[in-house]
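Taking it in order: structure first as C-alpha coordinates, then the write-up.
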Amino acid sequence: MRDLSAFPITRRWPATHPDRIQLYSLPTPNGVKVSIMLEETGLPYEPHLIDFGKSDQKTSEFLSLNPNGKIPAIIDPDGPGGQALGLFESGAILLYLADKTGRFIPADPAARWQAVQWVIFQMGGIGPMFGQLGFFNKFAGSEWEDKRPLQRYTDEAKRLLGVMNGALSGKSWFLGDEYTIADISMLGWVRNLITFYEARELVGFDDYPNVAAWLERGLARPAVQRGLTIPARE
(Lines give C-alpha, C1' and ligand atoms only; values in the text may rest on other atoms or scores of the structure.)
Protein backbone atom coordinates (compact mmCIF):
# COMPACT_ATOMS: atom_id res chain seq x y z
CA MET A 1 0.00 0.00 0.00
CA ARG A 2 1.43 3.35 -1.08
CA ASP A 3 1.58 6.18 1.45
CA LEU A 4 0.53 9.50 -0.08
CA SER A 5 0.18 11.36 3.21
CA ALA A 6 3.07 13.65 2.27
CA PHE A 7 0.70 15.28 -0.24
CA PRO A 8 -1.77 17.58 1.59
CA ILE A 9 -4.21 17.37 -1.31
CA THR A 10 -5.02 13.80 -0.29
CA ARG A 11 -6.53 15.07 2.97
CA ARG A 12 -9.32 16.78 1.05
CA TRP A 13 -9.53 14.19 -1.73
CA PRO A 14 -8.52 10.89 -0.08
CA ALA A 15 -7.12 8.16 -2.28
CA THR A 16 -9.22 5.03 -2.27
CA HIS A 17 -6.53 3.37 -4.39
CA PRO A 18 -3.23 5.02 -3.38
CA ASP A 19 -1.27 2.63 -5.62
CA ARG A 20 -2.87 4.24 -8.69
CA ILE A 21 -2.16 7.58 -10.36
CA GLN A 22 -4.29 10.23 -8.68
CA LEU A 23 -5.91 12.62 -11.18
CA TYR A 24 -7.28 15.96 -9.98
CA SER A 25 -9.22 17.47 -12.83
CA LEU A 26 -12.41 18.60 -14.54
CA PRO A 27 -13.53 17.64 -18.08
CA THR A 28 -12.39 20.88 -19.73
CA PRO A 29 -10.12 21.00 -22.82
CA ASN A 30 -7.01 21.02 -20.65
CA GLY A 31 -8.35 18.46 -18.22
CA VAL A 32 -9.36 15.91 -20.83
CA LYS A 33 -5.88 15.85 -22.34
CA VAL A 34 -4.74 13.86 -19.32
CA SER A 35 -7.86 11.70 -18.88
CA ILE A 36 -7.70 10.78 -22.58
CA MET A 37 -4.01 9.92 -22.26
CA LEU A 38 -4.67 7.79 -19.20
CA GLU A 39 -7.47 5.98 -20.98
CA GLU A 40 -5.32 5.47 -24.08
CA THR A 41 -2.39 4.05 -22.12
CA GLY A 42 -4.47 1.92 -19.79
CA LEU A 43 -2.56 3.11 -16.73
CA PRO A 44 -4.55 2.53 -13.53
CA TYR A 45 -5.75 5.84 -12.11
CA GLU A 46 -8.23 7.33 -9.70
CA PRO A 47 -10.01 10.55 -10.77
CA HIS A 48 -11.02 13.32 -8.37
CA LEU A 49 -13.37 16.07 -9.51
CA ILE A 50 -12.09 19.59 -8.88
CA ASP A 51 -15.30 21.60 -8.84
CA PHE A 52 -14.78 25.19 -10.00
CA GLY A 53 -18.29 26.01 -8.81
CA LYS A 54 -17.10 25.30 -5.27
CA SER A 55 -13.71 27.01 -5.88
CA ASP A 56 -11.93 23.73 -5.18
CA GLN A 57 -8.96 24.95 -7.22
CA LYS A 58 -8.41 27.79 -4.75
CA THR A 59 -8.22 25.64 -1.63
CA SER A 60 -4.94 25.30 0.23
CA GLU A 61 -4.98 21.55 -0.36
CA PHE A 62 -5.21 21.90 -4.13
CA LEU A 63 -2.69 24.74 -4.20
CA SER A 64 -0.23 22.50 -2.34
CA LEU A 65 -0.04 20.38 -5.51
CA ASN A 66 -0.52 23.12 -8.09
CA PRO A 67 0.33 26.59 -6.78
CA ASN A 68 -1.03 28.00 -10.05
CA GLY A 69 -4.54 26.90 -9.08
CA LYS A 70 -5.37 25.25 -12.42
CA ILE A 71 -6.38 21.76 -13.48
CA PRO A 72 -5.24 19.13 -14.22
CA ALA A 73 -2.69 17.83 -11.73
CA ILE A 74 -1.58 14.33 -10.84
CA ILE A 75 0.27 12.33 -8.25
CA ASP A 76 2.04 9.24 -9.55
CA PRO A 77 2.78 6.96 -6.56
CA ASP A 78 5.27 5.09 -8.73
CA GLY A 79 7.30 7.97 -10.14
CA PRO A 80 10.97 8.02 -11.14
CA GLY A 81 13.04 5.81 -8.88
CA GLY A 82 9.86 4.43 -7.35
CA GLN A 83 9.23 7.71 -5.53
CA ALA A 84 5.84 9.45 -5.60
CA LEU A 85 5.77 12.43 -7.97
CA GLY A 86 3.31 15.31 -8.15
CA LEU A 87 2.93 17.20 -11.43
CA PHE A 88 0.85 20.04 -12.82
CA GLU A 89 0.54 21.60 -16.31
CA SER A 90 -1.24 19.38 -18.83
CA GLY A 91 1.55 19.49 -21.40
CA ALA A 92 4.13 18.38 -18.86
CA ILE A 93 1.83 15.58 -17.70
CA LEU A 94 1.33 14.36 -21.28
CA LEU A 95 5.09 14.22 -21.81
CA TYR A 96 5.61 12.47 -18.50
CA LEU A 97 2.98 9.81 -19.18
CA ALA A 98 4.35 9.28 -22.69
CA ASP A 99 7.84 8.75 -21.29
CA LYS A 100 6.53 6.54 -18.50
CA THR A 101 4.75 4.19 -20.88
CA GLY A 102 6.79 4.62 -24.05
CA ARG A 103 3.52 5.19 -25.89
CA PHE A 104 2.05 7.95 -28.04
CA ILE A 105 5.44 9.55 -28.56
CA PRO A 106 7.89 8.43 -31.25
CA ALA A 107 11.03 6.55 -30.29
CA ASP A 108 12.98 8.28 -33.06
CA PRO A 109 14.55 11.43 -31.56
CA ALA A 110 13.72 13.68 -34.51
CA ALA A 111 10.08 12.56 -34.61
CA ARG A 112 9.89 12.86 -30.84
CA TRP A 113 10.79 16.54 -31.03
CA GLN A 114 8.23 17.04 -33.78
CA ALA A 115 5.58 15.72 -31.41
CA VAL A 116 6.85 17.97 -28.63
CA GLN A 117 6.73 21.03 -30.89
CA TRP A 118 3.03 20.46 -31.59
CA VAL A 119 2.27 20.06 -27.88
CA ILE A 120 3.99 23.40 -27.27
CA PHE A 121 2.06 24.88 -30.22
CA GLN A 122 -1.12 23.83 -28.48
CA MET A 123 -0.03 25.16 -25.09
CA GLY A 124 1.13 28.51 -26.43
CA GLY A 125 -1.44 29.07 -29.18
CA ILE A 126 -4.48 26.82 -29.47
CA GLY A 127 -5.37 26.81 -25.76
CA PRO A 128 -4.98 30.51 -24.97
CA MET A 129 -6.47 31.80 -28.22
CA PHE A 130 -9.43 29.42 -28.41
CA GLY A 131 -10.11 30.01 -24.73
CA GLN A 132 -10.21 33.78 -25.19
CA LEU A 133 -12.47 33.39 -28.19
CA GLY A 134 -14.83 31.34 -26.05
CA PHE A 135 -14.85 34.05 -23.39
CA PHE A 136 -15.67 36.85 -25.83
CA ASN A 137 -18.11 34.81 -27.91
CA LYS A 138 -20.14 32.96 -25.27
CA PHE A 139 -19.35 34.10 -21.75
CA ALA A 140 -19.07 37.49 -19.98
CA GLY A 141 -17.08 39.05 -22.81
CA SER A 142 -20.00 38.55 -25.20
CA GLU A 143 -21.77 41.43 -23.45
CA TRP A 144 -18.97 43.90 -24.16
CA GLU A 145 -19.96 46.60 -26.61
CA ASP A 146 -16.42 46.78 -27.98
CA LYS A 147 -16.17 43.81 -30.36
CA ARG A 148 -12.53 44.33 -31.25
CA PRO A 149 -11.29 41.69 -28.76
CA LEU A 150 -13.71 39.13 -30.23
CA GLN A 151 -12.52 39.96 -33.74
CA ARG A 152 -8.88 39.74 -32.69
CA TYR A 153 -9.30 36.24 -31.23
CA THR A 154 -11.53 35.12 -34.10
CA ASP A 155 -8.83 36.12 -36.59
CA GLU A 156 -6.15 34.37 -34.56
CA ALA A 157 -8.25 31.21 -34.24
CA LYS A 158 -8.70 31.17 -38.00
CA ARG A 159 -4.96 31.59 -38.49
CA LEU A 160 -4.20 28.71 -36.13
CA LEU A 161 -6.77 26.50 -37.82
CA GLY A 162 -5.07 27.32 -41.10
CA VAL A 163 -1.73 26.20 -39.67
CA MET A 164 -3.30 22.95 -38.50
CA ASN A 165 -5.10 22.41 -41.79
CA GLY A 166 -1.87 22.76 -43.73
CA ALA A 167 0.04 20.48 -41.38
CA LEU A 168 -2.63 17.77 -41.72
CA SER A 169 -2.67 17.82 -45.52
CA GLY A 170 -2.38 14.23 -46.72
CA LYS A 171 -1.99 12.94 -43.16
CA SER A 172 -4.23 11.21 -40.65
CA TRP A 173 -2.45 12.69 -37.62
CA PHE A 174 0.04 15.46 -36.97
CA LEU A 175 2.92 13.02 -37.27
CA GLY A 176 1.52 11.21 -40.27
CA ASP A 177 0.22 7.73 -39.57
CA GLU A 178 1.19 7.82 -35.89
CA TYR A 179 -1.33 9.09 -33.34
CA THR A 180 0.60 10.87 -30.58
CA ILE A 181 0.37 13.31 -27.71
CA ALA A 182 0.38 16.03 -30.37
CA ASP A 183 -3.13 14.96 -31.35
CA ILE A 184 -4.25 14.26 -27.79
CA SER A 185 -3.26 17.77 -26.74
CA MET A 186 -5.54 19.43 -29.30
CA LEU A 187 -8.63 17.24 -29.69
CA GLY A 188 -10.50 18.66 -26.69
CA TRP A 189 -9.76 22.25 -27.67
CA VAL A 190 -10.96 21.93 -31.27
CA ARG A 191 -14.05 20.03 -30.15
CA ASN A 192 -14.85 22.77 -27.61
CA LEU A 193 -14.34 25.52 -30.16
CA ILE A 194 -17.16 24.31 -32.37
CA THR A 195 -19.48 22.92 -29.67
CA PHE A 196 -19.28 24.45 -26.21
CA TYR A 197 -17.87 27.79 -27.43
CA GLU A 198 -20.45 27.87 -30.27
CA ALA A 199 -17.91 29.28 -32.72
CA ARG A 200 -18.19 26.88 -35.68
CA GLU A 201 -19.70 29.46 -38.03
CA LEU A 202 -17.75 32.33 -36.52
CA VAL A 203 -14.38 30.78 -37.45
CA GLY A 204 -15.65 29.16 -40.65
CA PHE A 205 -14.68 25.73 -39.37
CA ASP A 206 -15.88 23.96 -42.50
CA ASP A 207 -13.22 25.85 -44.46
CA TYR A 208 -10.62 23.61 -42.77
CA PRO A 209 -11.53 20.12 -44.05
CA ASN A 210 -8.30 18.48 -42.92
CA VAL A 211 -8.90 19.63 -39.36
CA ALA A 212 -12.52 18.50 -39.50
CA ALA A 213 -11.54 15.03 -40.73
CA TRP A 214 -8.79 14.78 -38.10
CA LEU A 215 -11.24 15.73 -35.34
CA GLU A 216 -13.71 13.11 -36.55
CA ARG A 217 -10.99 10.44 -36.51
CA GLY A 218 -9.92 11.44 -33.03
CA LEU A 219 -13.42 11.50 -31.58
CA ALA A 220 -14.05 8.03 -33.02
CA ARG A 221 -11.45 6.55 -30.67
CA PRO A 222 -13.15 4.83 -27.70
CA ALA A 223 -10.50 6.05 -25.25
CA VAL A 224 -11.11 9.63 -26.38
CA GLN A 225 -14.85 9.29 -25.85
CA ARG A 226 -14.28 7.94 -22.36
CA GLY A 227 -11.69 10.55 -21.47
CA LEU A 228 -13.95 13.43 -22.50
CA THR A 229 -16.25 12.79 -19.53
CA ILE A 230 -13.67 12.09 -16.79
CA PRO A 231 -13.90 13.01 -13.97
CA ALA A 232 -17.67 12.80 -14.08
CA ARG A 233 -19.37 16.06 -13.13
CA GLU A 234 -21.68 15.96 -10.15
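The values are calculated or read from the model by the stated rules, or taken from the named source; none is laboratory data. Being a predicted model, the structure only gives us computed values, none of them experimental. Cβ atoms come from the backbone with ideal geometry, glycine included; neighbour counts cover every protein chain shown. These area figures cover heavy atoms from the full protein model, side chains too; ligands, DNA and RNA do not enter into them. Shrake-Rupley method; radii C 1.70, N 1.55, O 1.52, S 1.80 Å.
What are the residues in the stretch 129-171 that are acidic (Asp, Glu) and open to solvent by less than 70 Å² (accessible area, probe 1.4 Å), if any? Give the derivation first.
Start the filter on the stretch 129-171 by keeping residues that are acidic (Asp, Glu), which leaves 143, 145-146, 155-156.
Once the filter is applied, which keeps residues that are acidic (Asp, Glu) and open to solvent by less than 70 Å² (accessible area, probe 1.4 Å), the stretch 129-171 yields 146, 156.
Taking the criterion of being buried (at least 23 other Cβ atoms within 10 Å of the Cβ) and assigned to a helix (DSSP H, G or I), the residues of the stretch 190-199 that qualify are 190, 193. Within the stretch 200-216, residues that are open to solvent by less than 30 Å² (accessible area, probe 1.4 Å) have Cβ atoms under 6 Å from residues that are of a type in the set (Gly, Ala, Ser) in these pairs: 203/157, counting only partners at least 6 apart in sequence or on another chain.
Only one of 61, 89, 40 is surrounded by fewer than 18 Cβ atoms within 10 Å (Cβ to Cβ) and closer than 21 Å to residue 183 by Cβ. Can you tell me which? Break it down stepwise before answering.
Details: 61 fails: closer than 21 Å to residue 183 by Cβ; 40 fails: surrounded by fewer than 18 Cβ atoms within 10 Å (Cβ to Cβ).
Of the residues listed, the single one that is surrounded by fewer than 18 Cβ atoms within 10 Å (Cβ to Cβ) and closer than 21 Å to residue 183 by Cβ is 89.
Sort through 179, 96 and tell me the only one that's open to solvent by 30 Å² or more (accessible area, probe 1.4 Å) and either among the aromatic types (Phe, Trp, Tyr) or under 17 Å from residue 34 (Cα atoms) (or both). Quick ask: steps written out before the conclusion?
Numbers: 179 fails: open to solvent by 30 Å² or more (accessible area, probe 1.4 Å).
Within the list 179, 96, the selection yields 96.
Among the residues examined, residue 23 does not qualify as of a type outside the set (S, T, N, Q), part of a helix (DSSP H, G or I), open to solvent by less than 30 Å² (accessible area, probe 1.4 Å) and in contact with a strand residue (DSSP E or B) (Cβ under 6 Å, 6 or more places away or on another chain).
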